[in-house]
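Notes follow once the structure below has been shown.
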Amino acid sequence: MSFIRPEARAALWQWREVLAAGLMFLLGLKWAFSEAGFTAITGWAFVATGLVTAVIGAQRMRFRRGTSGPGVVQVDEGQIAYFGPLTGGAVAASELERLALDQSSKPPHWLLEQPGQPPLAIPVNAEGYEALFDVFAALPGLKTERMLTELRRRGPHQVVIWERSSSRPEHQRLH
């Protein structure tokens, strides 16, 4: 028997990192202003960690889309695998050349390109998709805010979110 309605539990679960960061921040403030010595220093460390965790948690919250999409995503030791009802495949995160978002698909899909393989299309709401946030955030030069903005944008378009800087010769670049 649960004392919390399923809808409320789902909402709290979506905000879990932000709520934990808020508690850490408040505990840090209490220790920083009511204690002395090492405990006060630890309190200030909790305040700083709480702020950073809140920013990261807010980004993760914006990345979440629900898990009603087809297929399952699995990230294991830098290998991104997608097992879908009709398609699937795997790419190595270290060998990614391009990350794109295809909003024209229903549901929208991440397109992960690796040399010598066809692009791997992963629905943005496939089971286990949350593990992709950490993989994408680790890509060198990826702008997380731009990725989150494009994820919220609607319309039939495909946009390149990230591309390895050495994947195209300089003379072919438009920007």
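In the range 20-47, which residues are farther than 27 Å from MET61 by Cα and surrounded by 14 or more Cβ atoms within 10 Å (Cβ to Cβ)?
Result: TRP31, ALA32, ALA40, THR42.
Please state which of the following conditions ARG60 fails to meet, knowing it meets all the rest: (1) closer than 16 Å to PHE136 by Cβ; (2) at pLDDT 90 or above; (3) of a type outside the set (A, V, I, L, M, F, W, C); (4) open to solvent by 50 Å² or more (accessible area, probe 1.4 Å).
In the conditions (1) closer than 16 Å to PHE136 by Cβ; (2) at pLDDT 90 or above; (3) of a type outside the set (A, V, I, L, M, F, W, C); (4) open to solvent by 50 Å² or more (accessible area, probe 1.4 Å), ARG60 misses (2) alone.
Scanning the range 111-131 for residues that are in contact with a helix residue (DSSP H, G or I) (Cβ under 8 Å, 6 or more places away or on another chain) and surrounded by 18 or more Cβ atoms within 10 Å (Cβ to Cβ), which turns out nearest to ALA58 (Cα to Cα)?
Within the range 111-131, the match that is nearest to ALA58 (Cα to Cα) is VAL124.
In this structure, is SER94 assigned to a helix (DSSP H, G or I) and either modelled with pLDDT under 90 or open to solvent by 50 Å² or more (accessible area, probe 1.4 Å) (or both)?
The answer is yes for SER94.
Right, SER104: in a loop (DSSP other than H, G, I, E, B), open to solvent by 60 Å² or more (accessible area, probe 1.4 Å), closer than 26 Å to TRP13 by Cα and in contact (Cβ under 8 Å) with a residue 12 or more places away in the chain or not?
So SER104 fails the test.
Need pairs with beta-carbon distance below 6 Å; first residue exposed (fewer than 12 other Cβ atoms within 10 Å of the Cβ) and within the range 147-167, second among the hydroxyl-bearing types (Ser, Thr, Tyr); sequence gap 6+ or separate chains.
Once the first residue is exposed (fewer than 12 other Cβ atoms within 10 Å of the Cβ) and sits in the range 147-167, its partners that are among the hydroxyl-bearing types (Ser, Thr, Tyr) give PRO156/SER104.
Within the range 48-66, identify whether any single residue is of a type in the set (S, T, N, Q), touching a residue at least 60 places away in the same chain (Cβ under 8 Å) and under 27 Å from ARG146 (Cβ atoms), and answer yes or no.
Looking for residues that are of a type in the set (S, T, N, Q), touching a residue at least 60 places away in the same chain (Cβ under 8 Å) and under 27 Å from ARG146 (Cβ atoms), one finds at least one in the range 48-66, hence yes.
Which one of these does VAL75 not meet: (1) open to solvent by 20 Å² or more (accessible area, probe 1.4 Å); (2) modelled with pLDDT under 90?
(2)
The values are calculated or read from the model by the stated rules, or taken from the named source; none is laboratory data. The structure presented is a predicted model; accordingly, all values stated were derived computationally and were not measured. Quick reminder, even Gly has a Cβ in these numbers, built from the backbone with ideal geometry, and neighbours come from all protein chains shown. Please note that ligands, DNA and RNA were not included when accessible areas were found on the heavy atoms of the full protein model with its side chains. Shrake-Rupley method; radii C 1.70, N 1.55, O 1.52, S 1.80 Å.
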